[in-house]
Amino acid sequence: MSGQILLAWRSLWQHKRRTWLTLGAMIFCNSLLVFMITLQAGTYPMMIENTLRIFSSQLQINQQGYLDEPELRKRILDSSHLIARIEQEFPELDVIPRSSGFLLAASAQRSVGMLVNGVAPDKERLASIIPQQIIYGHYLEAGDNNQVVLGERLAKNLQVTVGDELTVMGSTMEGGFAAGVLSVVGIFSTGINELDRTVSQISMATFQRLFEMPNQVSLVSINAPSMSQVSFYQRQLQALMQTEPKLTVHDWQQLNPGIKQGIEADLSSAVIMYAVLVLLVILGVMNTQLMAVLERTKEFGIMLAIGSKPSRLFTQVLIETLMMGIIGMLLGALLGGVVAGYFSLVGIALPGMGDIGAQFGIGDRIYPLLSPLSVLIGPVVVCIGSVLVSIYPAFKTLGLEPISAMQSK
């Protein structure tokens, strides 16, 4: 076997220019695949995390059916006890209570319906990007202080600014009359028009007073130390909720199915593009090996005449292709990994993408994510594909007759 490998290596370099051209195509393809796949792998976690930090979370505890119909009556009772249990069992988790309701807000000029979110200001600063998106005034302070922060477009629709007051009216959970006067202390801009046009935030204490929900919240948001641990903590929290049969734990995919669907759609289009690139390269490899087999017909005839079996010639062609595939795989993965590694440190700035990226929760820089899978999957597919398509040229050796092969020109 070692002799056959040595013979295949020598045969591979009989036409150095052709071999290097084929290898160059494989190395370029593999390098491009590594860079593109690592770039794509780095985009998705950033998009998911930034989107979740707008107001969602990695995990969420709520009453069964709340996601289908987010109503005030589907609330978590004795929320402080539940939060204390979770923080005691899992001190590494960020536990953020939140509530949502609708109010009619009236300024001196206009009246507009708005979604009001009750939050714990201190915890919200650690879990959401909204406190960092304040463009006028300041974020909420803890306590029942009648403060409110508004989305930029909502503030424009109400024709209010920092320091103005809003009269709000709505219905409590029991059907009573929720009313109060809120002071605008801040205006935020997330870059997402729908959010900036409809959302406002008040402290949890103010929310519970307005809607008559003492020690009750709509949901509890939870963030794990990393995205890779979300499934683990979902199982742990669900086990903890066995004493609370009406409560359930949802992960970010259930909370934001649109993100998952967008990623799947992007992956599908990317796979098609990668497949076309790989197909072009492996067809070039097949063409190279077919030319090599036809040019060496006389050589193969001599080998058959001195006792070599056709299966040995078949194997030799596959070994030659495998050698090219391995060389192209290693050099391509190395080159692509070095380029991707450099940009994973400095990032890739996309001119003009700042405003567009903000609409989808993406920053103005993208950082490739290197992992054994993202670096090797493309080159490995090219290597295996090259060996598979070389089966056709290799089959040409099985039908050779020694005499007619030696007489070929």
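The values are calculated or read from the model by the stated rules, or taken from the named source; none is laboratory data. Keep in mind it's a predicted model, so treat the numbers as computed, not measured. Glycine also receives a Cβ, built like all others from the backbone with ideal geometry; neighbour counts cover every protein chain displayed.
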### Query
Has the range 196-212 got at least one residue that is buried (at least 16 other Cβ atoms within 10 Å of the Cβ), of a type in the set (A, V, I, L, M) and modelled with pLDDT under 90?
no
### Message
For the range 174-206, which positions are touching a Ser or Thr at 6+ places or on another chain (Cβ under 9 Å) and of a type in the set (A, V, I, L, M)?
### Response
Ala178, Ala179, Val181, Leu182, Val184, Ile187, Val199, Met204
### Task
For the range 226-341, please list each of the helices (runs of 4 or more DSSP H) lying entirely inside it that holds at least 3 residues being closer than 30 Å to Arg85 by Cβ.
230-240, 252-255, 257-295
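Kindly indicate whether any position in the range 94-108 is of a type outside the set (Ser, Thr, Tyr), farther than 24 Å from Thr198 by Cβ and in contact with a strand residue (DSSP E or B) (Cβ under 6 Å, 6 or more places away or on another chain). Give the derivation first.
First pass over the range 94-108, keeping only residues of a type outside the set (Ser, Thr, Tyr): 94-98, 101-106, 108.
With farther than 24 Å from Thr198 by Cβ added as a condition, the list becomes 94-95.
Filter again for in contact with a strand residue (DSSP E or B) (Cβ under 6 Å, 6 or more places away or on another chain), leaving 94-95.
Yes, the range 94-108 contains a residue that is of a type outside the set (Ser, Thr, Tyr), farther than 24 Å from Thr198 by Cβ and in contact with a strand residue (DSSP E or B) (Cβ under 6 Å, 6 or more places away or on another chain).
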### Message
Under 6 Å between Cβ atoms, which residue pairs at least 6 apart in sequence (or on different chains) link something in the range 238-255 that is without any contact (Cβ under 8 Å) to a residue 12 or more places away in the chain with a partner that is assigned to a helix (DSSP H, G or I) and surrounded by fewer than 18 Cβ atoms within 10 Å (Cβ to Cβ)?
### Response
Gln253/Lys260
### Summary
Just one listed residue, out of Leu104, Leu77, is at pLDDT 90 or above and in the same structural domain as Phe232 (by TED's automatic domain parsing), and it is Leu104
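Among the basic types (Lys, Arg), in contact with a Pro (Cβ under 6 Å, 6 or more places away or on another chain), surrounded by 14 or more Cβ atoms within 10 Å (Cβ to Cβ) and on the phi < 0 side of the Ramachandran plot, is that true of Arg125? So that I can check it myself, show each step before the final result.
Values: among the basic types (Lys, Arg): yes; in contact with a Pro (Cβ under 6 Å, 6 or more places away or on another chain): yes; surrounded by 14 or more Cβ atoms within 10 Å (Cβ to Cβ): yes; on the phi < 0 side of the Ramachandran plot: yes.
Criteria met by Arg125.
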### Query
Which condition does Gly301 not pass, out of (1) at pLDDT below 85; (2) within 35 Å of the chain's Cα centre (by Cα); (3) not aliphatic (A, V, I, L, M), if it passes all the others?
(2)
### Task
Starting from the range 152-173, take each residue that is under 21 Å from Glu194 (Cα atoms) and list its partners that are surrounded by 15 or more Cβ atoms within 10 Å (Cβ to Cβ) and basic (Lys, Arg), counting only C-beta distances under 6 angstrom and pairs at least six apart or across chains.
Arg153/Arg197; Leu154/Arg197
### Task
Being within 19 Å of the chain's Cα centre (by Cα) and more than 27 Å from Ser79 (Cβ to Cβ) narrows it down to one of Ile187, Ile263, so name that one.
Ile263
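Can you tell me which residue within the range 15-72, out of those that are β-branched (Val, Ile, Thr) and at pLDDT 85 or above, is farthest from Asp94 (Cα to Cα)?
Within the range 15-72, the first condition is being β-branched (Val, Ile, Thr), and the residues that meet it are 19, 22, 27, 34, 37-38, 43, 48, 51, 54, 61.
This time we only want the ones that are at pLDDT 85 or above, so: 19, 22, 27, 34, 37-38, 61.
Working: Thr19: 57, Thr22: 53, Ile27: 45, Val34: 35, Ile37: 31, Thr38: 29, Ile61: 13 Å.
Filtering first and then ranking leaves Thr19.
Within the range 375-386, how many residues turn out to be surrounded by fewer than 23 Cβ atoms within 10 Å (Cβ to Cβ) and in contact (Cβ under 8 Å) with a residue 60 or more places away in the chain?
Filtering the range 375-386 for residues surrounded by fewer than 23 Cβ atoms within 10 Å (Cβ to Cβ) gives 376-377, 380-381, 384-385.
The next check asks that each one be in contact (Cβ under 8 Å) with a residue 60 or more places away in the chain; those that pass are 377, 381, 385.
Counting residues in the range 375-386 that are surrounded by fewer than 23 Cβ atoms within 10 Å (Cβ to Cβ) and in contact (Cβ under 8 Å) with a residue 60 or more places away in the chain gives 3.
Given the options Ser203, Ser183, name the one that is within 18 Å of Ile96 (Cα to Cα), among the hydroxyl-bearing types (Ser, Thr, Tyr) and in contact (Cβ under 8 Å) with a residue 24 or more places away in the chain.
Ser203 is the lone residue from the list that is within 18 Å of Ile96 (Cα to Cα), among the hydroxyl-bearing types (Ser, Thr, Tyr) and in contact (Cβ under 8 Å) with a residue 24 or more places away in the chain.
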### Summary
Exception for Ser221 within (1) in a helix (DSSP H, G or I); (2) surrounded by 13 or more Cβ atoms within 10 Å (Cβ to Cβ) falls at (1)
